[in-house]
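Here is the structure we will look at, set down as structure tokens.
The values are calculated or read from the model by the stated rules, or taken from the named source; none is laboratory data. Worth saying up front: this structure is predicted, and the values here are computed from it rather than measured. Cβ placement follows ideal geometry from the backbone for every residue including glycine, while neighbour counts extend to all protein chains displayed. Just the protein is used for accessible areas: all its heavy atoms, side chains included, with ligands, DNA and RNA removed. Shrake-Rupley method; radii C 1.70, N 1.55, O 1.52, S 1.80 Å.
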Amino acid sequence: MLDIKFIRENPDIVRNACRVKNFPDVVDELLMTDARVRELKTITQTMTAEKNKISREIPSATDKAPLIQRSKEISDEIANDMAELATAEEKLNDLMHRVPQIPAASAPIGADDTANTVVKTVGTPRKFDFTPRPQWDLLDMNNWWMPEKIANTCGTRVYALCGELAELELAVQTYVIQKLIGKGFKYIDCPSITKPQTIFNAGHFIGSDMSVMNNDVFMLTDTDRCLAGTSEIIMNSLFAGEILPESELPLKFAGFSPCFRREAGAAGRDTRGLVRVHQFKKVEQFIFCRPEDSDEMHELLLNNLCEIMVDLELPYRVIANSTGDMGFNKVKMNDVEAWIPSEGTYRELGSCSSIGTFQARRTNTRFRENGTNEVKFVATLNNTGIALPRALVPIIENHQNPDGSVNIPKCLQPLMGGRTKIGGSH
RNA sequence: GGAGUCGUCGCAUAGUUGGUCUAGUGCGCCACAUUGGAAAUGUGGUAUACCGGCAACGGUAUCAAGGGUUCGAAUCCCUUCGACUCCGCCA
């Protein structure tokens with residue numbers, strides 16, 4: 001959500017944002033509705049002020065009847081305008097939730113991911129002297145998963161890791177959490193069950209009708225709860241309605257949670273393997289900060305993920321996502337992609353997003369500025385810490401040996417009891 | 001799941017026979033005074049959002065949230081949410 005004053009004063013900037021982000025332009029309708037709301041507010045408030053004045057006079061009046069009569073008349077007049085005001089406010093509220101966040105000037109302009117640009121490429125893809133196996137072959141060879149059994153038992157797009165790879169998954173998770181704790185992030189073990197409002201607060205969806213989430217979110221039947229697709233949404237709503245002291249900012253969190261996604265829009269894509277599943281696990285970085293610190297925090301979050309790529313000894317690249325690819329609520333977005341040998345390409349492992357005050361306006365999370373004592377909205381940012389099991393795909397493919405075994409990145413070896421490799425015939 | 005208590009301005013509290021409560025008090029916080037400096041003390045101030053206004057300022061709303069009764073609701077009624085205490089059940 002944007003500031004209504006900003007929209008009034010900069011309609012062209014907002015119209016342009018709608019255009020480059022590929023969302024319908026509702027600015028004119030919004031401004032007309034806003035004008036009507038303000039007009040009705042002025043009218044009803046003036047009448048209410050008079051009614052209140054009369055009510056205050058009644059207790060001490062000698063002849064109460066005429067005052068009560070007049071007060072009733074005003075009430076009737078107000079009721080009509082209030083009804084229209086309520087309708088207009090509801091419409092305005094919905095329109096406000098259809099206006100996308102303004103993208104950063106630095107973001108590439110384009111309709112979709114074909115307009116994305118590569119910011120940097122780090123590491124050189126390994127030259128194999130044998131044909132590298134795809135993830136599923138390595139999983140099969142080492143009995144690291146049980147795809148048929150799980151598909152029959154739990155359905156498709158669900159996985160179960162077993163044996164040493166399950167151990168490695170836990171090691172990666174632990175490694176990343178400990179690394180972020182070491183960088184001053186507060187570790188939160190987040191729940192996955194939440195209220196739809198929490199998802200709405202995160203601002204990924206357009207409009208005020210929450211049914212639009214149905215393609216993406218698992219609802220829990222016969223309850224008012226749903227399953228969170230990421231702990232980002234939980235952390236984002238953690239301080240809803242609060243005014244934080246500026247001295248507490250920036251607040252840095254490392255949230256861990258199981259994540260649930262319907263993937264209804266991805267039918268047929270990545271059905272094999274560990275890349276796209278209904279239930280996965282994710283360590284998520286989340287920051288609340290002063291708006292002026294957003295860019296610095298964005299770099300910090302992005303750098304953390306880049307370090308993790310290096311620690312895991314993965315060739316990777318950083319993408320600047322285009323305006324059409326970054327989504328409704330974002331100012332700036334950088335995907336981090338790891339090299340996948342079997343596909344000969346890079347694939348997304350994480351996504352670093354700067355949201356500005358867009359989410360904070362929905363959650364009403366603010367801070368009190370030190371010198372001026374002014375209350376302002378905080379800025380929020382998020383980035384993946386590690387997504388599992390997806391991150392295991394480049395790990396096992398890049399570090400595989402001809403016999404199907406996988407070398408363990410050095411940083412994970414202490415967490416694996418000192419082992420240097422898993423799988424194969426050893 | 002059953003029974004009960006309860007949600008007031010940062011914190012703690014007063015206020016529940018509806019009307020000087022546009023919410024009192026204490027603590028905290030800010031400013032000023034006093035002081036060599038501090039403590040203590042004194043005085044004043046201390047919410048958020050929105051509407052109108054160049055501004056000073058005026059107005060409206062908010063006593064968990066929403067709705068209702070009433071000329072008028074922190075106070076009465078209903079619904080929802082949340083907290084606590086017992087009981088039951090259970091990893």
Requested in this report: Can you run down the residue pairs with Cβ atoms below 6 Å, 6 or more apart or on separate chains, where the first is in region A:44-71 and closer than 25 Å to A:Ala83 by Cα and free of Cβ contacts under 8 Å to residues at least 24 places away in the same chain and the partner is outside any helix (DSSP H, G or I) and more than 7 Å from RNA strand B (Cβ to nearest atom)?
Outcome: A:Leu67/A:Ala61
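Working only within region A:99-124, note down all residues that are surrounded by fewer than 16 Cβ atoms within 10 Å (Cβ to Cβ) and part of a loop (DSSP other than H, G, I, E, B). Quick ask: steps written out before the conclusion?
Looking only at region A:99-124, we keep the residues that are surrounded by fewer than 16 Cβ atoms within 10 Å (Cβ to Cβ), and these are A:105-106, A:109, A:111-114, A:117-124.
A:Ala105, A:Ser106, A:Ile109, A:Ala111, A:Asp112, A:Gly123, A:Thr124, listed by residue number.
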Query raised in the report: When residues of region A:335-358 are filtered for being within 24 Å of A:Val277 (Cβ to Cβ) and open to solvent by less than 30 Å² (accessible area, probe 1.4 Å), how many remain?
Result: 11
Query raised in the report: Any residue at all in region A:182-205 that is modelled with pLDDT of 95 or more, assigned by TED's automatic domain parsing to the domain that holds A:Gly350 and buried (at least 16 other Cβ atoms within 10 Å of the Cβ)?
Result: yes
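Give the residue that is farthest from RNA strand B (Cβ to nearest atom), with candidates limited to residues of region A:55-88 that are closer than 20 Å to A:Ile4 by Cβ and open to solvent by less than 50 Å² (accessible area, probe 1.4 Å).
Initially, region A:55-88 is screened for residues closer than 20 Å to A:Ile4 by Cβ, giving A:84-88.
In the following step, the residues that additionally are open to solvent by less than 50 Å² (accessible area, probe 1.4 Å) were identified as A:85, A:88.
Numbers: A:Leu85: 11, A:Ala88: 12 Å.
If we take residues in region A:55-88 being closer than 20 Å to A:Ile4 by Cβ and open to solvent by less than 50 Å² (accessible area, probe 1.4 Å), then A:Ala88 is farthest from RNA strand B (Cβ to nearest atom).
Within the bounds of region A:361-374, is there any residue that is away from RNA strand B (no atom under 15 Å from the Cβ), open to solvent by 10 Å² or more (accessible area, probe 1.4 Å) and under 21 Å from the mean Cα position of the chain (by Cα)?
First, the residues of region A:361-374 that are away from RNA strand B (no atom under 15 Å from the Cβ): none.
Within region A:361-374, not a single residue is away from RNA strand B (no atom under 15 Å from the Cβ), open to solvent by 10 Å² or more (accessible area, probe 1.4 Å) and under 21 Å from the mean Cα position of the chain (by Cα).
Please go through region A:35-49 and give me each residue that is small (Gly, Ala, Ser) and near RNA strand B (Cβ under 7 Å from one of its atoms), ordered by number. If you could, list the steps in order and put the result at the bottom.
Step one: filter region A:35-49 for residues small (Gly, Ala, Ser), giving A:35, A:49.
Passing the criteria: only A:Ala49.
Just checking, does region A:415-425 include any residue being more than 16 Å from RNA strand B (Cβ to nearest atom), open to solvent by 10 Å² or more (accessible area, probe 1.4 Å) and touching a Lys or Arg at 6+ places or on another chain (Cβ under 9 Å)?
Initial filter on region A:415-425 (more than 16 Å from RNA strand B (Cβ to nearest atom)): A:415-425.
If we keep only those that are open to solvent by 10 Å² or more (accessible area, probe 1.4 Å) too, we end up with A:415, A:417-421, A:424-425.
Remaining after also requiring touching a Lys or Arg at 6+ places or on another chain (Cβ under 9 Å): A:420.
Yes, region A:415-425 contains a residue that is more than 16 Å from RNA strand B (Cβ to nearest atom), open to solvent by 10 Å² or more (accessible area, probe 1.4 Å) and touching a Lys or Arg at 6+ places or on another chain (Cβ under 9 Å).
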Query - Pair list, Cβ under 7 Å, 6 or more apart: region A:198-209 residue free of Cβ contacts under 8 Å to residues at least 60 places away in the same chain, other residue assigned to a loop (DSSP other than H, G, I, E, B) and of a type outside the set (A, V, I, L, M) - result: A:Thr198/A:Ser237
Requested in this report: Could you pull out the residue among A:Asn16, A:Asn52 that is polar (S, T, N, Q), near RNA strand B (Cβ under 9 Å from one of its atoms) and part of a helix (DSSP H, G or I)?
Outcome: A:Asn52
Report summary line: A:Asp3 fails exactly one of (1) touching a residue at least 60 places away in the same chain (Cβ under 8 Å); (2) surrounded by fewer than 12 Cβ atoms within 10 Å (Cβ to Cβ), namely (2)
Query raised in the report: Taking only pairs six or more apart or across chains, which ones have beta-carbon atoms under 8 Å, a first residue in region A:26-41 that is in the same structural domain as A:Met82 (by TED's automatic domain parsing) and over 18 Å from A:Asn80 (Cα atoms), and a second residue that is in a helix (DSSP H, G or I) and within 8 Å of RNA strand B (Cβ to nearest atom)?
Result: A:Asp34/A:Ile4
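What do you reckon, is A:Gly229 assigned to a loop (DSSP other than H, G, I, E, B) and surrounded by 20 or more Cβ atoms within 10 Å (Cβ to Cβ)? Step through it out loud before you land on a result.
Values: assigned to a loop (DSSP other than H, G, I, E, B): yes; surrounded by 20 or more Cβ atoms within 10 Å (Cβ to Cβ): yes.
When the stated conditions are applied, A:Gly229 passes them.
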